[in-house]
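Just below is one structure, and these are the notes that go with it.
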Amino acid sequence: MSSDLIPTLQQMPKAELHLHIEGSLEPEMIFELARRNGVKLAYSSIEQLRAAYAFTDLQSFLDVYYAGASVLLKEQDFFDMTWAYLLRAKADNVIHVEIFFDPQTHTERGVGMRTVINGLSAALEKGRAELGISSGLIMCFLRHLSEEDALATLVLAMPFRDKLIGVGLDSGEQGNPPEKFARVFAQARALGLHVVAHAGEEGPPAFIRTALDVLEVERIDHGVRCVEDEALVQRLAREKMPLTVCPLSNIKLRVFDKMEQHNLVQLLDAGIKATVNSDDPAYFGGYVNDNFVAAANALPLTRRHAYQLACNSFEAAFLPEAIKAEYIDRLDTFFRTPLTTVPEIG
Ligand code: ADE
Ligand code: ZN
């Protein structure tokens, strides 16, 4: 590996397109919000909570993740969580972010849609003004719940339509294929919302196909299991379909046994528009730059791949073409300029 690769990955401007904001709740903040709101947690200390982060699969993670999100009650809580994430994103040279949130996790506890969306949006607005990070909100439906529940959630969100850029689909894939949500995705598309879905994380390549064909998604979240179907790999490349890949998540949730086996480079070399993202950074061992570094330390990632990943993140973003071009210009300038290294002391 060239000695410049890691600082290049860290310093290059990038977009993050797969980030569950509830998955950015660090244990310290979970305990602080629990105290502030008088919520009783099943864990007696931060250490005990962290010890529960030994996941064996997606569901074992989701159980802990939904428990962690139960401390979020007030608009200020949603604001604080999002602001903390934006400060971390800024440190990683993220200049654009599209944030997932799971409203059903909150509305089913009696927290209003207004409380959730206003708290998240206020922090994103401050991030635009003070950190120069552009952003959008993507509302995810929980696929383990019914489509009726998802349709009701879309109705609840309608007063805040202007605050959303799209809808997504997350939670446990097994037994919950994309086609279960055909009607609600058709409605979202008719409203002019962008559409994405988690597929091919734990679920089979067939779920990627139905996400494309039935839900008509514009990006696939994860999608790493596409490599089990060569014709699908070729289709994804031909259609320039972005995959929002999350390397540390895939290791933590045992999609791959170790990072050396991750297929990120294989996907890029097959011509797929892959991007690197953090998914649930507080639970999976790091933010977006940690994901780039972990991948570079284990895989034959080159400077060309680094450029491609950052360029893909802007091309795959739900942004006007002029802004994408401006961000890619910034990226090109970065790659043309010698790296600034922090001087060594002593
Ligand atoms: N919700 C939060 N993180 C998720 C993931 N990696 N897969 C599915 N649902 C999620
Ligand atoms: Zn995810």
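The values are calculated or read from the model by the stated rules, or taken from the named source; none is laboratory data. Because the structure is a prediction, the values reported are computed rather than measured. Because the Cβ atoms are built from the backbone with ideal geometry, glycine has one as well, and the counts that use them run over all protein chains shown.
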Lone unmet requirement of (1) within 16 Å of ligand 1 (Cβ to nearest atom); (2) farther than 30 Å from T333 by Cβ for L17: (2)
Search the stretch 204-218 for residues that are polar (S, T, N, Q) and pair each with any residue that is modelled with pLDDT under 95 and surrounded by fewer than 19 Cβ atoms within 10 Å (Cβ to Cβ) when their beta-carbon atoms are under 9 Å apart and the residues are at least 6 apart or on different chains. none
Could you pull out every one of the helices (runs of 4 or more DSSP H) wholly within the stretch 101-190 that has 2 or more residues that are surrounded by fewer than 15 Cβ atoms within 10 Å (Cβ to Cβ) and at pLDDT 95 or above? 113-126, 147-157, 182-190
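For every residue, the table says whether it meets (1) farther than 25 Å from F318 by Cβ; (2) part of a helix (DSSP H, G or I).
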{"site": "L73", "(1), (2)": "yes, no"}
{"site": "F78", "(1), (2)": "no, yes"}
{"site": "M81", "(1), (2)": "no, yes"}
{"site": "I99", "(1), (2)": "no, no"}
Which of the numbered conditions does E202 fail, given that it passes all the others? Conditions: (1) touching a strand residue (DSSP E or B) at 6+ places or on another chain (Cβ under 8 Å); (2) within 24 Å of Y287 (Cβ to Cβ); (3) within 14 Å of ligand 1 (Cβ to nearest atom). (1)
Can you pull out every residue in the stretch 176-225 that is closer than 25 Å to D162 by Cβ and β-branched (V, I, T)? V184, V195, V196, V217
List the pairs whose first member sits in the stretch 245-258 and is in contact (Cβ under 8 Å) with a residue 60 or more places away in the chain and farther than 16 Å from I272 by Cβ, whose second member is away from ligand 2 (no atom under 12 Å from the Cβ) and of a type in the set (S, T, Y), and whose Cβ atoms are under 9 Å apart, counting only residues at least 6 apart or on separate chains? K252/Y53; L253/T56; L253/S60; R254/T56
So which residues in the stretch 234-266 are part of a helix (DSSP H, G or I) and touching a strand residue (DSSP E or B) at 6+ places or on another chain (Cβ under 8 Å), if there are any at all? L236, P247, L248, S249, N250, L264
Would you point out the residue of the stretch 43-62, among those that are of a type in the set (F, W, Y) and part of a loop (DSSP other than H, G, I, E, B), that is surrounded by the fewest Cβ atoms within 10 Å (Cβ to Cβ)? Y53
I'm checking my understanding of the structure. Among residues of the stretch 203-222 that are assigned to a helix (DSSP H, G or I) and of a type outside the set (G, A, S), which one is nearest to A316 (Cα to Cα)? L212
So for the stretch 53-69 (the condition being under 27 Å from H222 (Cβ atoms), more than 16 Å from ligand 2 (Cβ to nearest atom) and in contact with a Ser or Thr (Cβ under 8 Å, 6 or more places away or on another chain)), does at least one residue qualify? no
Got at least one residue in the stretch 289-307 being within 14 Å of L17 (Cβ to Cβ) and touching a Ser or Thr at 6+ places or on another chain (Cβ under 7 Å)? yes
A231 passes all but one of the listed conditions (1) part of a helix (DSSP H, G or I); (2) touching a residue at least 12 places away in the same chain (Cβ under 8 Å); the exception is number (2)
